[in-house]
Amino acid sequence: MEGKLLARIGAVIFIAVALTVTAIEMSSKDDEPDALATRDRPIAPQDPLAAELRRCSGIGEAGPRDSGCLKAWAASRRRFLAPRDSATAPAAVAPKTLFPDVPASANRREGERPDVTAPAMQVEPPRPEIR
C-alpha cells in the first residue's frame, strides 16, 4: 500500500511542477526582440507595377474607380497572359518507355519505325514447373 501511495504523490507533484512551469513560460514576455525583425535588409529596387498593385489593393472599393488601378490591372493581365519566348519556354521532353531494360529492337522488323507512343513490352522470365 505504501508503494502505491508514494507513486500517486510523486505523480501529483510532477504534474503540479509541469503546470507551474508551463504557466510561468506562457505568462512571461519575450525579452529578446525577433531576430528577423531587427535584421538589416537590403533595399531592393521595387517593380513600379507591384507597388501600384499594392496601393490599389489597399484602397479597397475605390480601386475599380481609380484610373491608375485600372491601368495597373491591365498591365498585370498583359504580363501574366503574354505568350512566352521560345528561349524561356521549357524544352520538349522525349517520351520514355515504361521498361527501359527491354531492347527497342526486340519486336521490330527490318526498316520499321518504332512506336514511341506505345509502352514497351517486358518479357516475363520463365517460371519453374510445379511438380
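The values are calculated or read from the model by the stated rules, or taken from the named source; none is laboratory data. Every value quoted in this text rests on a predicted model; they were computed, and no experiment measured them. A quick note on method: Cβ atoms are made from the backbone with ideal geometry, for glycine too, and the neighbour counts reach across all protein chains shown.
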Test residue 50 against the stated conditions and say whether it is at pLDDT 95 or above and among the small types (Gly, Ala, Ser). no
Some residue of the range 116-127 being modelled with pLDDT under 65, among the β-branched types (Val, Ile, Thr), in a loop (DSSP other than H, G, I, E, B) and surrounded by 10 or more Cβ atoms within 10 Å (Cβ to Cβ): yes
Can you tell me which residue in the range 71-89 is modelled with the highest pLDDT, limited to those that are exposed (fewer than 13 other Cβ atoms within 10 Å of the Cβ), among the hydrophobic types (A, V, I, L, M, F, W, C) and more than 24 Å from the chain's Cα centre (by Cα)? 74
